[in-house]
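Undergrad: Sharing a structure here in structure tokens format.
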Amino acid sequence: MLPILLAQTEETITIDPAAANAAGAAAAGIVGIWVFLWIVIVIAALIGLILWIWAIIDVSKRQFANPQDKTTWLIVLIVGFVVGLSLLAAIIYLIAGRKKGTMGGSETSQPTEGQTT
């Protein structure tokens, strides 16, 4: 059997206060950046959710020339939400799809002769 040598030393570790302060400042900076990024992510998620809800409501109220267009846009928006791309799906609808439909019920019907309102 080979002898195993274990070395034991008694060292005292001294920490330079300036280095400790610098390390603390660096850690605080990293935490600050992390918190800022999370705030930006939460704000972007809320904006995406609001735009997505607006797009869903807009699709449901609009009348399209082709009835399948409404179904297609609803599917695009719902799938976009499920896969985490609700902001992108809502922006695509609001830019491209919104122009193709007209608001349902926005036209006022004129009473014909003999009808009372």
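No lab work stands behind these numbers, since they all come straight from the coordinates. Note that the structure is a prediction, hence the values are computed from the model and not measured. No Cβ is skipped: glycine too gets one built from the backbone with ideal geometry, and neighbour counts run over all protein chains shown.
Undergrad: Taking the simple approach of a point 7 Å from Cα along Cα-to-Cβ for both N66 and I91, what is their distance in nm?
TA: It is 2.6 nm.
Undergrad: Oh, and also: Given contacts defined as C-alpha pairs under 8 Å and at least six residues apart, what's the relative contact order of the range 19-101, whole-number percent? Numbers along the way, then the final one.
TA: On the way: 50 pairs, mean separation 25.7, N = 83.
Relative contact order here is 31 percent.
Undergrad: Assuming 0.36 nm per residue, please report the length gained on full extension of the stretch V42 to I15 beyond their Cα-Cα distance. Show your work: numbers first, answer last.
TA: Details: separation 27, 0.36 × 27 = 9.72 nm, distance 3.92 nm.
Length difference between fully extended and current span is 5.8 nm.
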